[in-house]
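So the structure is just underneath, and the comments pick up after that.
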Amino acid sequence: MAQDAARASVNVTLDPQLMARLAQRIGTQSYMTATRTLDLASRGLGVAELGPGGDMSLARLLTAAQSEALSELQSCRFRPQPHVLLSVRLRANPLGDPGLCIVADAVRCAAPLTLHSLCLGSVGAGDTGVAALVEAIDGCSCVLHNLDLSANRLTAASMKAIALLLASSR
């Protein structure tokens, strides 16, 4: 009989707002963060590979990374507010302006999105690609913490677009 009592299990129902109330009481956020990094730097990827029909479709990769992180958070026992941070590294790929337009489309498709960093250094970007990227980031529910556009062909027009994005994000 004592052995049966030891095997008995107890089901406890927790208040779904328990974590939120606890977080508020101790003065912290009531969400959990999962991070994912898509490191596609220096792989010789171009428009054909990153586009919608490509082997490395950026929109598909962003959506998959987001879904994987969200399902990981949903498996948490207390069901916190999920928060997914993505880092995308495309440095040193021959993207040019058409490739930045693909990145912009992928950002639009994956919205709402929180990008911790978007590394687009040395990709051959110009004014047209930067304008498309800025429009996508500003026009959708995308939060961007760090943007690397170093070693590209940026002019005053690109700088103006980036300055407007910075001003609108405040």
For the range 29-40, which residues satisfy the criterion of being at pLDDT below 75 and open to solvent by 70 Å² or more (accessible area, probe 1.4 Å)?
29, 31
Residue 88 β-branched (Val, Ile, Thr), in a strand (DSSP E or B) and more than 30 Å from residue 18 (Cβ to Cβ):
yes
Somewhere in the range 78-89, is a residue modelled with pLDDT of 95 or more, on the phi > 0 side of the Ramachandran plot and over 20 Å from the mean Cα position of the chain (by Cα)?
no
Find all pairs meeting these conditions: Cβ atoms under 6 angstrom apart; at least six residues apart or on different chains; first residue within the range 125-149 and within 16 Å of residue 168 (Cβ to Cβ); second residue among the hydroxyl-bearing types (Ser, Thr, Tyr) and buried (at least 20 other Cβ atoms within 10 Å of the Cβ).
130/158
Please specify each residue of the range 41-87 satisfying the condition of being touching a Lys or Arg at 6+ places or on another chain (Cβ under 8 Å) and buried (at least 18 other Cβ atoms within 10 Å of the Cβ).
65, 66, 69, 84, 86
Somewhere in the range 125-147, is a residue in contact with an Asp or Glu (Cβ under 8 Å, 6 or more places away or on another chain), surrounded by fewer than 16 Cβ atoms within 10 Å (Cβ to Cβ) and part of a helix (DSSP H, G or I)?
yes
Residues within the range 116-169 that are under 19 Å from the mean Cα position of the chain (by Cα) and either among the hydroxyl-bearing types (Ser, Thr, Tyr) or over 24 Å from residue 45 (Cβ atoms) (or both), tallied:
8
Of the candidates 20, 6, the one satisfying the condition of being at pLDDT below 90, outside any loop (DSSP other than H, G, I, E, B) and open to solvent by less than 70 Å² (accessible area, probe 1.4 Å) is 20
Given (1) surrounded by 21 or more Cβ atoms within 10 Å (Cβ to Cβ); (2) assigned to a helix (DSSP H, G or I); (3) out of contact with any Gly (no Cβ under 7 Å at 6 or more places or on another chain); (4) not β-branched (Val, Ile, Thr), number of the condition residue 161 does not satisfy:
(1)
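The values are calculated or read from the model by the stated rules, or taken from the named source; none is laboratory data. Every value quoted in this text rests on a predicted model; they were computed, and no experiment measured them. Please note: Cβ atoms are built from the backbone with ideal geometry, for glycine as well, and neighbour counts cover all protein chains shown. For the accessible areas, the whole protein counts, side chains as well, though only heavy atoms, and no ligand, DNA or RNA atoms are used. Shrake-Rupley method; radii C 1.70, N 1.55, O 1.52, S 1.80 Å.
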